[in-house]
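Everything on this sheet refers to the single structure shown next.
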Amino acid sequence: LKKLLPARPNASPDTSAIIDTGTSFLLGDPSSVQLISRIIGADFHTGDMSCAHLSELKSFWITLGGFKFEIAPEHYVYRDPVKKTCSSAWVPSYDSPFWVLGDSFLRAYYAVFDVKEKKVGLAPINRPLRHV
C-alpha cells in the first residue's frame, strides 16, 4: 500500500497491505482511520454516519504495486435500507502492522490469487452494459 489519498503529511511512504476475502471492512492504523472518519463524517468509534450527504463523498485512492486503485463511496459506506442508516467500512486496527483490504475493496475488483508465485492480480470490475 503505497499511499492513501488524501494522504497524511506524516504518513509513511510505504505501508504494507493484505487483501483478505474473509474480512468485510477496510482495516488500517487508527490515526489514518480517524482522519478518514473525520473527512467522511463518520463516528470514529462506531462507524455510524449520516446518509444525507452520500452524493458529496469523494473516492479514496490507494497505490498497490505501482498501480492506483479507487475506493468509491459506494464501496466504503454500508447502507441499511431497513433501518435507513449508514456506516463506514473504515475500521481501526490496533494490532495489525499492515492494512487489511476486505470485501469493501474487493467488490470493485476481480482478484486472482497466485499462491505459487505469491502474488495477487487485480482488475476493475466493469459496469454492466446499458441498452440504448
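The values are calculated or read from the model by the stated rules, or taken from the named source; none is laboratory data. Note that the coordinates shown come from a computational prediction; the quantities given were computed from them, not determined experimentally. Cβ sites come from the backbone with ideal geometry, for glycine too, and all protein chains shown count toward neighbours. The protein model used for the area step is the full one, side chains on, heavy atoms only, and it has no ligands, DNA or RNA in it. Shrake-Rupley method; radii C 1.70, N 1.55, O 1.52, S 1.80 Å.
Placing unit charges on the Cβ atoms only, positive for Lys and Arg and negative for Asp and Glu, gives the stretch 40-132 a dipole magnitude near 360 debye about its Cα centre. In the stretch 17-128, carbon and sulfur make up what percent of the accessible area (probe 1.4 Å)? C and S atoms contribute 56 percent here.
Using the 1.4 Å probe convention, the accessible area of the stretch 11-63 works out to 56 Å² per residue with neighbouring protein chains retained. Could you tell me whether the stretch 45-132 comes out rounded, prolate or oblate from its Cα gyration tensor? Rule is a ≥ b ≥ c as square roots of the eigenvalues, rounded for a/c under 1.5, then prolate if a/b exceeds b/c, otherwise oblate. Since a/c reaches 1.5 but b/c is at least a/b, the shape of the stretch 45-132 is classed as oblate. Computed over protein heavy atoms with a 1.4 angstrom probe, the accessible surface ordering of Lys83, Lys118, largest first, is Lys118, Lys83. Each residue was assigned an accessible area with a 1.4 Å probe, and for Thr46 the value is about 90 Å².
Taking the square roots of five times each eigenvalue of the Cα gyration tensor of the stretch 32-82, the equivalent ellipsoid has semi-axes of 22, 13, 10 Å, listed largest first. Among the GluC sites (Glu not before Pro) found in the stretch 60-132, those both in a DSSP coil and sparsely packed, with 15 or fewer other Cβ atoms within 10 Å of their Cβ, are Glu117.
Take every Cα pair under 8 Å whose residues are at least 6 apart in sequence, average their separation, divide by the length of the stretch 34-132, and the relative contact order is 20 percent. 3J(HN,Hα) couplings calculated from phi for the stretch 19-24 with the Karplus curve 6.51 cos²θ - 1.76 cosθ + 1.60 (θ = phi - 60°) are, in sequence order, 9, 10, 6, x, 10, 7 Hz; Gly and Pro show x.
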